[in-house]
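Shown next, in structure tokens, is the structure this report addresses.
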Amino acid sequence: MDEGQDLVAANMGDDVLFGDVADLIERAHTRAAVAVNSELVMLYWSVGRRIREDVLGGERAVYGEQVVRRLAVGLTTRFGRGWGQRSLERMVRFAEVYPAQQIASTLSTQLTWSHLSELIALFDQRQRDFYAVSAANEHWSVRTLRERIASKLYERTLAAVGSPDALEAQLAALSGGSGTQPLVTQPTILLRDPYVLDFLGLPSEHSEAQLERAILDQMQRFLLELGAGFAFVERQKRMTVDGRDYRLDLLMYHIHLRCYVAIELKSRPLEPGDFGQTTLYLRWLAAYENRDGDAAPLGIVLCTERGPEQVRLLGLDEGDVRAARYVVEPVRASLERALKG
């Protein structure tokens, strides 16, 4: 080996060493950050529980607010920002919402105090559980959590799943995942009804071509709305059957479910033929695209409206082909109408 080869080998060795050491440092930083966050969250829980039990409980509740106000002044004087009255009230609320120390401790390893501050503002326990599990499993930022709450993701997912008990059972399976290995046992929880696509900037009246182009232009946000695990594969996927070409609007792959997801875009209400069309695409994907280890493909027909009787008769609320509405209007008004439909 000449001098040049020695130098190349040395540089390659340096790169490998640097990569390994950098990885060790980043992992240590992550563990340290998780540990610090966990300690901080449990501190807030302990403070909230102490105030709730010793100050706001029983007969002391009459003057409890004054005590909390004086406590906030003293703590702020000694420890600085973060210990004002509103902060203490959030800590009390945290201990009230999650009275079991074990549950609070588990949450402290999965979510930050900023996440938890958003959750404790919700008054429905099942709703809080849904967002807590989803945020931890999909690694949402606080901003994403706020957006999901504002867009009524819980209500939309509940509409797709069918009942609070069914959603709770699927959440229990979902929370069995850990770290970067989420556990998803059923695809139903991945569905929304309706999907909120107001970020596309489309008018109420638009074509399927306009819808597809807008989605491609905003693919990152579209994937976020679909949920964790979706990866874009191809647009206008060509499938040839009996010498005739067919085109699937969007082909996705779900990493956790390990299956292809065929998405058909319909800028109109659902029609019976959509079921047969999407079923054909799924059978073609299973025959010609699936590899060892892939699960059966799933199909989603995105449409502007779906009649409940049609959905029931075609089985589009179960099975491998589902129908879901989408809205492109401003979120609040359109969601209120869609969720009542």
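The values are calculated or read from the model by the stated rules, or taken from the named source; none is laboratory data. Because the structure is predicted, anything quoted here is derived from the model rather than measured. Neighbour counts are summed over all protein chains in view; Cβ atoms, including those assigned to glycine, are modelled from backbone coordinates with ideal geometry. Note: areas computed on protein heavy atoms with side chains; ligands, DNA, RNA excluded. Shrake-Rupley method; radii C 1.70, N 1.55, O 1.52, S 1.80 Å.
Remarks
- Test: LEU282 is within 27 Å of ALA166 (Cβ to Cβ), surrounded by 13 or more Cβ atoms within 10 Å (Cβ to Cβ) and modelled with pLDDT under 90: no
- When VAL55, VAL73, VAL68 are screened for being at pLDDT 90 or above, out of contact with any Cys (no Cβ under 9 Å at 6 or more places or on another chain) and farther than 30 Å from GLU155 by Cα, only VAL73 passes.
- Against the numbered list (1) out of contact with any helix residue (DSSP H, G or I) (no Cβ under 6 Å at 6 or more places or on another chain); (2) modelled with pLDDT of 75 or more; (3) open to solvent by 20 Å² or more (accessible area, probe 1.4 Å), PRO164 comes up short only at (1).
- Every residue from segment 112-148 that is among the hydrophobic types (A, V, I, L, M, F, W, C) and without any contact (Cβ under 8 Å) to a residue 40 or more places away in the chain: LEU119, ILE120, ALA121, LEU122, PHE123, ALA132, ALA135, ALA136, TRP140, VAL142, LEU145
- Segment 301-318 - residue that is in contact with a strand residue (DSSP E or B) (Cβ under 9 Å, 6 or more places away or on another chain) and open to solvent by 30 Å² or more (accessible area, probe 1.4 Å) and, of those, nearest to ASP249 (Cα to Cα): THR304
- Filtered residues of segment 227-248 (kept if open to solvent by less than 70 Å² (accessible area, probe 1.4 Å) and at positive phi): GLY227, GLY229, GLN236
- Check on ARG235, without any contact (Cβ under 8 Å) to a residue 60 or more places away in the chain and either polar (S, T, N, Q) or farther than 26 Å from GLU147 by Cβ (or both): no
- Helices (runs of 4 or more DSSP H) completely within segment 64-153 that count 3 or more residues being of a type in the set (Gly, Ala, Ser), surrounded by 19 or more Cβ atoms within 10 Å (Cβ to Cβ) and under 25 Å from the mean Cα position of the chain (by Cα): 125-138
- Restricting attention to segment 199-226, the residues that are in a loop (DSSP other than H, G, I, E, B) and open to solvent by 40 Å² or more (accessible area, probe 1.4 Å) total 6.
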